[in-house]
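A short write-up of the structure that comes next.
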Amino acid sequence: MIDLYFWPTPNGWKISIALEEFGLPYTTHLVDIGAGDQFKPDFLKIAPNNRMPAIIDADGPDGAPISLFESGAILQYLARKTGKFGGATERDRIAVDQWLMWQMGGVGPMAGQTHHFLKYAPQMGHDIPYAKDRYRGETSRLYGVLDRQLADNEYVAGDYSIADMAIWPWASLWEGQEQTLDDKPHLARWLDAVGNRPAVQAGRALHADRRKTTHDKDSQDRLFKQKG
C-alpha cells in the first residue's frame, strides 16, 4: 500500500493517474494547499520543499519504507518499481526521461506561471500585461514543440509512458492558459487519446470536488507567499 499525499492539481494528478495506470493500491491523504497543510511539520518530513505530491511506499527498496517528493522522481521510481511505462530498452528510457524532464523544466513551470498571472494575480491586485504575454507565449511555444513531436509519434516518447502521465495534466488545461488547438491537431488528438484512458479518468477524478478557486486573501497568501 502506497500513501499518496495529494491535492487535485496538475502535479497531484500526475501521481494519482500513475498509481491508477500502474495498478498499485494506495491510500490518499489530502494536503489542502489553500489551508496551509503543506507547511505542517509532519508533511515537511516527507516533502521538505513544502510541495505536494509526495508518497510513502511501505515496500521500498530492500523491503524497507521510503518517502519521495517531486513528481518526476516519483514517476521514475514507480516505473522502476513496476517495470512498466518507463521504456523497454535503454534508448526508450532515454526518450521517456528527456520528455519527462522537458515537462518538469518547461511545461509545468511555464503553464503554472500562466495560470498564476492570468487567474490569480489580478485577484490579488497585480494585473501585469507583460507577465501575461510572456508566460502565455512561452506556453504556446512549448505546445508547438509538443505538437511537432506528436506528428510522428502516437504518444510523446513513442509508447505510452510516464512522460505522457506528466504532461497531460497540464496540457489538458490549455483553455485556462488561453491557448488554441486550431493549429495543433496532433496535440488535440493526443489529449483525447490520453484523456479517454480509464486510469487517467480515475486519477483525474480523485477528490475532484475539492478543486476550487480560492478567492479569499488568506488562502491566496498561503498558496503564494513564501515561507522559510
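For every residue, the table says whether it meets (1) among the acidic types (Asp, Glu); (2) exposed (fewer than 13 other Cβ atoms within 10 Å of the Cβ); (3) in the same structural domain as residue 51 (by TED's automatic domain parsing).
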site: 97; (1), (2), (3): yes, no, no
site: 100; (1), (2), (3): no, no, no
site: 104; (1), (2), (3): no, no, no
site: 113; (1), (2), (3): no, no, no
site: 116; (1), (2), (3): no, no, no
site: 126; (1), (2), (3): no, yes, no
site: 134; (1), (2), (3): no, no, no
site: 137; (1), (2), (3): no, yes, no
site: 142; (1), (2), (3): no, no, no
Residues (closer than 29 Å to residue 45 by Cβ and among the small types (Gly, Ala, Ser)) located in the range 83-124 = 86, 105, 108, 112
message = Looking at the range 140-174 only, could you name the residues that are part of a helix (DSSP H, G or I), within 14 Å of the chain's Cα centre (by Cα) and without any contact (Cβ under 8 Å) to a residue 60 or more places away in the chain?
response = 164
request  = Would you point out which residue out of 69, 6 is among the hydrophobic types (A, V, I, L, M, F, W, C), buried (at least 17 other Cβ atoms within 10 Å of the Cβ), modelled with pLDDT of 95 or more and touching a Ser or Thr at 6+ places or on another chain (Cβ under 9 Å)?
outcome  = 6
message = Name the single residue that is nearest to residue 50 (Cα to Cα) among those in the range 60-116 being aliphatic (A, V, I, L, M) and not in a helix (DSSP H, G or I).
response = 68
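Just give me the residues in the range 184-228 being part of a loop (DSSP other than H, G, I, E, B), among the charged types (D, E, K, R) and at pLDDT below 90, in sequence order.
211, 212, 216, 225, 227
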inquiry  = Step by step: first the residues of the range 66-82, then only those that are β-branched (Val, Ile, Thr) and closer than 16 Å to residue 46 by Cα, then the one that is farthest from the chain's Cα centre (by Cα). Which residue is that?
reply    = 66
task = Exactly one condition in (1) in contact with a helix residue (DSSP H, G or I) (Cβ under 8 Å, 6 or more places away or on another chain); (2) more than 27 Å from residue 199 (Cβ to Cβ); (3) in a helix (DSSP H, G or I); (4) in contact (Cβ under 8 Å) with a residue 24 or more places away in the chain is not met by residue 50; state its number.
result = (3)
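The values are calculated or read from the model by the stated rules, or taken from the named source; none is laboratory data. This structure is a prediction, so every number in the text was calculated from the model and none was measured. When we count neighbours, we look across all protein chains shown, and the Cβ atoms used for this are built from the backbone with ideal geometry, even at glycine.
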